[in-house]
Structure formats: structure tokens, C-alpha cells
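**Student:** Could you have a look at this structure, given as C-alpha cells, before my questions?
The values are calculated or read from the model by the stated rules, or taken from the named source; none is laboratory data. Note that the coordinates shown come from a computational prediction; the quantities given were computed from them, not determined experimentally. We place every Cβ from the backbone using ideal geometry, glycine too, and count neighbours over all the protein chains shown.
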Amino acid sequence: MDAAGIECRQNRSPIFVSLEDVMKSRTIVLTVASVLFAVTVCLAQNMNMGTWKLNEAKSKFAPGAAKNTTVVYEAAGDSIKVTVDGIDGSGNPTHNEWTGKFDGMDYPVTGDALADTRAYKEVDAHTLELTGKKAGKVTLTGRIVVSADGKSRTVTINTTDSKGMKIKSVAVYDKQ
């Protein structure tokens with residue numbers, strides 16, 4: 001054995017591996033492992049996260065329907081915060097906020113005229129189901145589908161107006 005390396009016996013031939021070579025190998029392995037971990041974390045992030053702007057040209061609303069113009073999904077500890085800005089049927093600004101998990105459970109929502117609780121349920125990596133309730137009664141249901149490329153999403157909402165007429169809105173959003 002040499003002071004500059006480590007002697008390994010393989011097929012009765014001495015092979016010397018320097019300490020520098022061992023350290024380079026370890027560095028490469030740790031770097032590759034770190035990159036794989038970072039890619040896994042990025043891919044595991046929910047497709048809805050981020051800021052979404054309404055694309056009115058691609059959307060279909062009933063006359064006088066409210067429109068959510070900007071929707072932001074962001075992490076809030078181990079939960080998700082959804083902030084919605086838009087206009088009501090009369091053109092007045094609206095703002096509501098919801099913090100919870102995509103587990104199908106009801107969580108409080110503030111500022112929403114149609115609901116005091118909202119529940120999101122993750123169907124798959126690209127799809128959420130949505131239920132809004134007022135005083136425990138379902139007031140709206142919906143489905144949110146993010147495109148395969150993650151650049152747009154379609155939100156289909158079903159609700160009933162004050163006259164008991166069923167209303168369906170389809171809003172298309174572009175990721176910012």
C-alpha cells in the first residue's frame with residue numbers, strides 16, 4: 001500500500017485509487033442525487049399553483065354572470081391558499097380567499113357571495129373538483145382541468161340563480 005492511495009486487490013493485481021478520485025466520485029454521486037430529488041419535487045408540485053388570468057375570448061358566461069379575472073394558488077404552510085379577484089354581475093369588484101387542502105373537506109371561504117365554505121378534491125394531477133356551500137347547502141359545483149402543457153386551465157361551474165334557473169359557466173385561464 002502506498003501513502004498516496006489505497007491498495008485494492010483484484011485478480012491479484014494491485015490497483016491504487018487516490019483519495020482525490022474517491023472524493024470526486026462521491027461529489028458526482030451526491031450531485032446527481034440532488035438533481036434527481038429537485039426534479040421529483042418540481043414534478044410533484046400541483047399543476048394549479050401560480051397565477052391565472054381569465055381569457056375572456058375563450059370563455060363562455062351567462063349574461064350578468066360574475067367573472068373571476070385573476071386566481072392565485074400559493075402554498076400556505078401545509079395548505080394551499082386560493083385568492084380570487086373579479087367582478088360581479090353588475091361590474092363591481094369582488095375578492096375572496098380560501099385556505100385549505102385539496103382533500104374534499106369543507107374549509108371556510110371569505111368574500112364569496114355564493115358560499116361560506118369551499119371544498120376542492122384532487123381527481124388526478126390535472127383535475128380538481130370544486131363544491132361551494134352556503135349554510136351547509138351546496139350552491140355551486142365545478143371542475144378545474146389544467147391542460148397537459150400546464151399553460152391553461154378550464155373551469156366549469158354549475159350553479160343556480162335567484163330564480164332557480166341552472167347556470168353553467170366555462171372560464172378559460174392562461175398561466176402567468
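**Student:** Here's a check for you: in the stretch 153-172, which residue that is of a type in the set (S, T, Y) and out of contact with any Leu (no Cβ under 6 Å at 6 or more places or on another chain) is surrounded by the fewest Cβ atoms within 10 Å (Cβ to Cβ)? Working first, answer last.
**Tutor:** Quick first cut of the stretch 153-172, residues of a type in the set (S, T, Y) only: 154, 156, 159-160, 162, 169.
Cutting the leftovers down to out of contact with any Leu (no Cβ under 6 Å at 6 or more places or on another chain) gives us 154, 156, 160, 162, 169.
Details: T154: 16, T156: 15, T160: 13, S162: 5, S169: 19.
Here the answer is S162.
**Student:** Can you find even one residue in the stretch 43-52 that is part of a loop (DSSP other than H, G, I, E, B), modelled with pLDDT under 65 and of a type in the set (S, T, N, Q)?
**Tutor:** The initial filter retains those residues of the stretch 43-52 that are part of a loop (DSSP other than H, G, I, E, B), namely 45-49.
Checking which are modelled with pLDDT under 65 leaves us with none.
No: the stretch 43-52 contains no residue that is part of a loop (DSSP other than H, G, I, E, B), modelled with pLDDT under 65 and of a type in the set (S, T, N, Q).
**Student:** Determine whether the stretch 68-91 contains at least one residue that is at pLDDT 95 or above and touching a helix residue (DSSP H, G or I) at 6+ places or on another chain (Cβ under 9 Å).
**Tutor:** The answer is yes; a qualifying residue exists.
**Student:** Okay, next question. Among the residues of the stretch 67-77, count how many are outside any strand (DSSP E or B) and under 13 Å from the mean Cα position of the chain (by Cα).
**Tutor:** Here is the first cut: in the stretch 67-77, the residues outside any strand (DSSP E or B) are 77.
Still in the list and also under 13 Å from the mean Cα position of the chain (by Cα): none.
So the count comes out to 0.
**Student:** Can you tell me which residue among V109, V170 is touching a helix residue (DSSP H, G or I) at 6+ places or on another chain (Cβ under 9 Å), over 16 Å from M49 (Cα atoms) and at pLDDT 95 or above? If you could, list the steps in order and put the result at the bottom.
**Tutor:** Details: V109 fails: touching a helix residue (DSSP H, G or I) at 6+ places or on another chain (Cβ under 9 Å).
Being touching a helix residue (DSSP H, G or I) at 6+ places or on another chain (Cβ under 9 Å), over 16 Å from M49 (Cα atoms) and at pLDDT 95 or above holds for just one of V109, V170, which is V170.
**Student:** When you look at G86, is it of a type in the set (G, A, S), surrounded by 14 or more Cβ atoms within 10 Å (Cβ to Cβ) and free of Cβ contacts under 8 Å to residues at least 60 places away in the same chain, yes or no?
**Tutor:** On the way: of a type in the set (G, A, S): yes; surrounded by 14 or more Cβ atoms within 10 Å (Cβ to Cβ): yes; free of Cβ contacts under 8 Å to residues at least 60 places away in the same chain: yes.
Yes.
**Student:** Scanning for something within 25 Å of K151 (Cβ to Cβ), assigned to a loop (DSSP other than H, G, I, E, B) and out of contact with any Gly (no Cβ under 6 Å at 6 or more places or on another chain), does the stretch 79-100 turn up at least one residue?
**Tutor:** No; the residues of the stretch 79-100 include none that is within 25 Å of K151 (Cβ to Cβ), assigned to a loop (DSSP other than H, G, I, E, B) and out of contact with any Gly (no Cβ under 6 Å at 6 or more places or on another chain).
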